[in-house]
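Input: a single structure, listed below in structure tokens.
The values are calculated or read from the model by the stated rules, or taken from the named source; none is laboratory data. From a predicted model like this one, the values you see are computed outputs, not experimental measurements. So basically every Cβ, Gly included, is an ideal-geometry build from the backbone, and we count neighbours across all protein chains shown. Each accessible area value is taken on the protein alone, full model and side chains, heavy atoms only, with ligands, DNA and RNA left out. Shrake-Rupley method; radii C 1.70, N 1.55, O 1.52, S 1.80 Å.
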Amino acid sequence: MIKNWHRLCRAGRLSVGLVIATMGFSQACIAQSSDSQQLSLQSCHVKGVRQQVQCGTLMVPEDYTQPNGERISINFVILPAIDSSKKQLPLMFLAGGPGQAATELASHIYSGFNEVRKTRDLILIDQRGTGQSAPLQCQEPLTLDPYTSVPEDFTLSDVKQCLLQLRGDLSQFNSENAIRDFDAVRAALDHQQVHIYGGSYGTRAGLVYMRMFPESIKSVVLDSVGPIEVPIGLFGQSAAQSFERLLAHCQNDQLCAKQYPNLAQEFVALKAKLKRAPVTVEIAHPRLGTNTAFTISHDKFLSTLQMQLYSMPTRSLVPLLIHQAYLGDYKPLAGLIAQSEGDMGIYIGLHFNIVCNEDLPKISERMKAADADNSFAQGMSLAMVAKACSVWPSYQPSENFYQSVNVEIPTLILSGALDPVTPPSNGEQAHAHLVNSHHIIAKNNAHIVASTACGINIINEFLTTQKPTELDESCLDDVPAESFMLGLNGGVAIATSQTKPAQARK
Amino acid sequence: MIEVNNLHKSFVSKKNTVRALDGLSFTAKDGEITGILGPNGAGKTTCLRTLYGLLRADQGEARIDGIKVTQEPIKARKRLGIFPDKFGLYERLTAYEQIDYFASIHGMKGIEKQTAIEQILTDLDMHALAHRKTVGFSQGQRMKVTLAQALVHQPKNFVLDEPTRGLDVMSTRILRAHLAKFKAKGHCILFSSHVMQEVAALCDRVIIVANGKMAAQGTPQELCELAGETHLEEAFVKLIGSDEGVAA
Amino acid sequence: MMQLKALMVKEFKEAFRDKRALMVAMSMALLMPVMIMVMLKVAIKEAVDNPPVYVKYSGAQYAPKLIAALENKNILSFAQVPADEKRNWNERNIELTIPEHFAEDMAAGKPIELILRADFNEKSLSTPIRRIKTLINEYSLSIGYKRLLVRGIDIKLLQPIKLLEQDTALPSSNAMMISLILGVYLMMAAFMSGLPVAIDSSAGERERNVLEMLLCQPVSTLKIVLAKLSCASAIAIISIILMLVLTSLAMNFVDLTKIGATFSIDASTFAILLLLLVPICLLAAALQLLFAFQAKSFKEAQSTVTMLIMVPSFIPFALMMMDDKPAWVNWLPISGQSLLMEDVFKGLAVDWSALFFTSAATIALTVLLVWVLAKRLTSEKVVMSLS
């Protein structure tokens, strides 16, 4: 269902190429706090949540080695527990990206984590450099038209332009300082311990948190893991694998196979065609209705396609998308681009600042080559990051940063088998180091397992019992595979459906 | 001593006016049993209620040991022991609790109260009853409880309103015996009744009330002489001027 | 003082030994938590739980994806109904007819007409029918959205205006429904619980001929009234405490979070509620005694005093109807407490001045009533009706 597309599946995205392709920067207001007070907290409303929640800011040093130096304001939101009488420890939500602002996901989390919120406060903190915590955001000089522009046009001068707009000491906007901020907020809110949930890049943050302040954490949920051992940006193999599984699912589905018998070949042909030269077609502007040119390049097509691999509902459109494009009809692609226009909410400055300094330097040429050796987008996303990073100011992460985390905190690790960016192998890496952890792989799930009710229930059970190995995972079997859209008007299904019927619930 | 002086009392309702007391005067002396004898509706109960301070006389006054009831009702009542015409009991309390309750209302406490209660229980031979709830008590047992609660504070003056109504012979005898004992101790006893034999047997003086007025007074002997009759009953009928409402 | 104590001890002894009256007094406290619990269970079931619904399909084979979507929401085929529920669902008889050309029309983009046939007036069917309708609408809409999307249309065009609601109520006011019920019930408990005791100790004592004896005793009628008042109001207070405690306990058996609500009475709420309700209990007892002494018989007392119950239940509803409340309602007895209780349940800060004024007003009224009653007991009218 369409409305689900906006849901949690977007909670944490690690993809970079995609971010650039749909760069629609939202207005970000810079928090101005003349308040000398450390912590301020008041009732407020956040977008998409009808109920009153708590908004707060905490003043922290920009550089923790200079406690009396420059200070920045860390913004956070508390979604209060429905029933606070049980006095349960709160759950701190670590957003993805890097570069997503947790508070901007409030409405998704509010509904998505409803089961957890019944008894626990949810703490959403804007990581420094995002949201209203000294955001590192680039304002495009011209609003980039997502239909005419292509990622290949992205130049270094764009990056330099962006850098000029950023304020603050960029070397302080690193993961470790972000964790120091989080822990400062925890302490300021007077919580001895918290549970943490990290999704996507948030798992990386969570692992760093576990290493730096293990005593602050009661338990951890790592959903779609980006372990420290696996640098962010190496998505070639995982995206290809995710895509291949999609193709396989279509071939296993009698109807999909009948409708799109040559999907893989069509994809290869289309890719080759776009690689030779971008295609420009005349379409009605998806939003304005006026005629507009729509340029489709290789990277634009693949990055949009890759974007659809993140969640189950969007995956169901992929065969149709490829087939129509193969026939020369790019309107489905335009419709999807329209869907995500102005919806990314990635603070690109912070994103590059972290990826360029903490991850890219760890990627060797050999790793790069191995990752690019795939049948989907080859080295596309990494190439774009590398381009931006070549001019990005550098800092040296601390020596401890790349240590594997091995603590005894109860940890639940979740992976989606179809994940295009954080495959189950990542989860395995983390699981190997964490003594008291359990790794659950959801079969019919892409990025972020918490995007399904089943995933949330498992998380909630873990938070309650604290026993990662004794959870009821049976509901995962009921999560259906993609229900592919088989024509421009929807289902042409006549024979039996692929979807496994849900069991009668009493 | 109980003095009643020229009491007038009328009850006014929409339809008619009832003249209940019409200048009634009498005195009940200490050490005597005074009986008020009168037919139903003669004004006996109204008179006694005025004495308790429940009703206010239109004219005249009642004094108990010289205390004006209208002016200091509470002080006057402290000197009264009352045995009402319809004695109800707190049926969820035991006899002992009930007596204790009235003793406390009269301001008794501690050992003094306990001894007084023990005394009255012994006097009335009701130890066996004392710790039973009064629900289901026989009429005689109820009378004893009522008597005990009226007398526990050893009142100087003791007023009984138709006390023997509904009592069997044994109970009546106990009551009589007790009244005689009280009289001997010098208490003032005022006794209302419409039963001749009782009045004749017990009272030192009889006040005959009719139509809210005193029709005659004196010892039973005197009254018989006054009416020229040998039986009090005959005297009574003659004195009130009719035989209406006389119970045998 | 000693007299008063003796009077009170006697009243309490009698009240607590009257098991029947005590039962009646406490029945509200005992029943109401159960009632609230059952009501909430039903409400939650209606709102959140998705018990299976069994539909008689015809043509299910033409739209397997729709059937799967229905199944996913626990709307199942009649063929799957368990034997013990078969008769029920056969009677309910919800029929959904899917046309033979469903798939062709879907592919051709033609409107497809499904027929939902049931007794729409039958109350037990309203929730199942709503669920079926909602699901089919959602399913239909999602296909519609996708059709536009793959035609290259920004589906956000379908929602030109988006209304963002910002509720200024505090989170705990989610439990308003419960609070409202509880508020009314507490008020009624304050008014009713002392009732049997009040009637018994006034009209009842008169009918048992013990009142006259008492009035003849050297004790002021004020003390008598105070003793009876304290007993009747104490019973009411006990009943309220019992009700609050039991309600708190009962709420543990209901998962209110399912409907996004919570309910708990903490120590301070408890204290404030008591502070609000104790004057009401006193006032109620005074009113009951006044009316009961007025009545000619026990029976009459019962009927007139029972009419008093109208007062506490009527006032909160009247207040709800009033949109613009004049300031003085905050200070009046009963209405003031009702409004303050509403605030307490909403989790708002207590308006101490309003609390003070309304309590003072209530107590003042109680004192007045007690005084009137004490005077009345010395009046001849009361004495004359003794026999």
Considering each of C:MET8, C:MET32, C:MET26 in turn, give the residue that is open to solvent by 40 Å² or more (accessible area, probe 1.4 Å), in a helix (DSSP H, G or I), in the same structural domain as C:THR221 (by TED's automatic domain parsing) and at negative phi.
C:MET8
Subset of region C:104-152, residues touching a helix residue (DSSP H, G or I) at 6+ places or on another chain (Cβ under 6 Å) and either under 21 Å from A:LEU317 (Cβ atoms) or not assigned by TED's automatic domain parsing to the domain that holds C:LYS73 (or both), comes to C:TYR139, C:SER142, C:TYR145, C:LEU148, C:LEU149, C:VAL150, C:ARG151, C:GLY152
Qualifying residue in region A:442-449 (condition: crowded, with 18+ Cβ neighbours inside 10 Å, under 16 Å from A:VAL220 (Cα atoms) and not basic (Lys, Arg))
yes
Would you say A:PHE93 is within 14 Å of chain C (Cβ to nearest Cβ) and in contact (Cβ under 8 Å) with a residue 40 or more places away in the chain?
no
Candidates A:ASN436, A:ASN457, filtered to the one that is farther than 29 Å from A:ALA325 by Cβ, within 14 Å of chain C (Cβ to nearest Cβ) and modelled with pLDDT of 90 or more:
A:ASN457
I need the helices (runs of 4 or more DSSP H) fully contained in region C:332-387, keeping only those with at least 1 residues that are closer than 30 Å to C:LEU215 by Cα and either open to solvent by 20 Å² or more (accessible area, probe 1.4 Å) or at pLDDT below 80 (or both).
C:352-377, C:380-384
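Residues checked against (1) away from chain C (no Cβ under 13 Å); (2) buried (at least 24 other Cβ atoms within 10 Å of the Cβ):
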| site | (1), (2) |
| --- | --- |
| A:SER111 | no, no |
| A:ASN114 | no, no |
| A:GLN127 | yes, yes |
| A:ASP145 | yes, no |
| A:SER157 | yes, no |
Taking A:PRO332 as the residue in question, decide whether it is crowded, with 22+ Cβ neighbours inside 10 Å and at pLDDT 90 or above.
yes
Going through A:LEU274, A:LEU263 one at a time, which residue ends up being touching a strand residue (DSSP E or B) at 6+ places or on another chain (Cβ under 9 Å) and at pLDDT below 95?
A:LEU274
Within region A:295-318, identify whether any single residue is in contact with a strand residue (DSSP E or B) (Cβ under 6 Å, 6 or more places away or on another chain) and either closer than 30 Å to A:ALA257 by Cβ or among the β-branched types (Val, Ile, Thr) (or both), and answer yes or no.
yes
Considering only residues that are among the aliphatic types (A, V, I, L, M) and open to solvent by less than 20 Å² (accessible area, probe 1.4 Å), look in region A:249-299 and name the one that is nearest to A:VAL318 (Cα to Cα).
A:LEU263
When you scan region C:188-195, do you find a residue that is open to solvent by 10 Å² or more (accessible area, probe 1.4 Å) and under 15 Å from C:LEU282 (Cβ atoms), even just one?
yes
With the requirement that a residue be away from every other protein chain (no Cβ under 14 Å), open to solvent by 30 Å² or more (accessible area, probe 1.4 Å) and not in a helix (DSSP H, G or I), what does region C:87-117 give you?
C:ASN93, C:GLU95, C:THR97, C:GLU113, C:LEU114, C:ILE115, C:LEU116, C:ARG117
Would you call A:LEU412 open to solvent by 30 Å² or more (accessible area, probe 1.4 Å), touching a residue at least 12 places away in the same chain (Cβ under 8 Å) and either touching a Cys at 6+ places or on another chain (Cβ under 8 Å) or not small (Gly, Ala, Ser) (or both)?
no
Of C:LEU277, C:LEU319, the only residue that is buried (at least 21 other Cβ atoms within 10 Å of the Cβ) and assigned by TED's automatic domain parsing to the domain that holds C:LEU186 is C:LEU277
Out of all the residues in region C:299-331, which are part of a loop (DSSP other than H, G, I, E, B) and of a type outside the set (Lys, Arg)?
C:LEU308, C:ILE309, C:MET322, C:ASP323, C:ASP324, C:PRO326, C:TRP331
Could you tell me whether region A:277-297 includes any residue that is of a type in the set (A, V, I, L, M, F, W, C), away from chain C (no Cβ under 11 Å), outside any helix (DSSP H, G or I) and under 19 Å from the mean Cα position of the chain (by Cα)?
no
Within the set of pairs 6+ apart or on separate chains, which have a first residue in region C:205-216 that is without any contact (Cβ under 8 Å) to a residue 24 or more places away in the chain, a second that is part of a helix (DSSP H, G or I), and C-beta atoms under 6 Å apart?
C:GLU205/C:LEU211; C:CYS216/B:TYR52
Within region A:154-182, how many residues are in a helix (DSSP H, G or I) and not aliphatic (A, V, I, L, M)?
14
Within region C:47-69, how many residues are assigned to a helix (DSSP H, G or I) and more than 10 Å from chain A (Cβ to nearest Cβ)?
2
Assess whether C:ILE129 counts as being in contact with an Asp or Glu (Cβ under 8 Å, 6 or more places away or on another chain), more than 13 Å from chain A (Cβ to nearest Cβ) and surrounded by 11 or more Cβ atoms within 10 Å (Cβ to Cβ).
no
Qualifying position, being open to solvent by 30 Å² or more (accessible area, probe 1.4 Å), within 30 Å of A:ASP169 (Cβ to Cβ) and polar (S, T, N, Q), among A:ASN406, A:ASN436, A:ASN400
A:ASN400
Count of region C:35-54 residues which are open to solvent by less than 70 Å² (accessible area, probe 1.4 Å) and acidic (Asp, Glu):
1
With (1) basic (Lys, Arg); (2) facing another protein chain (nearest Cβ under 10 Å); (3) out of contact with any Ser or Thr (no Cβ under 7 Å at 6 or more places or on another chain) as the list, and C:ARG20 as the residue in question, which single condition is left unmet?
(2)
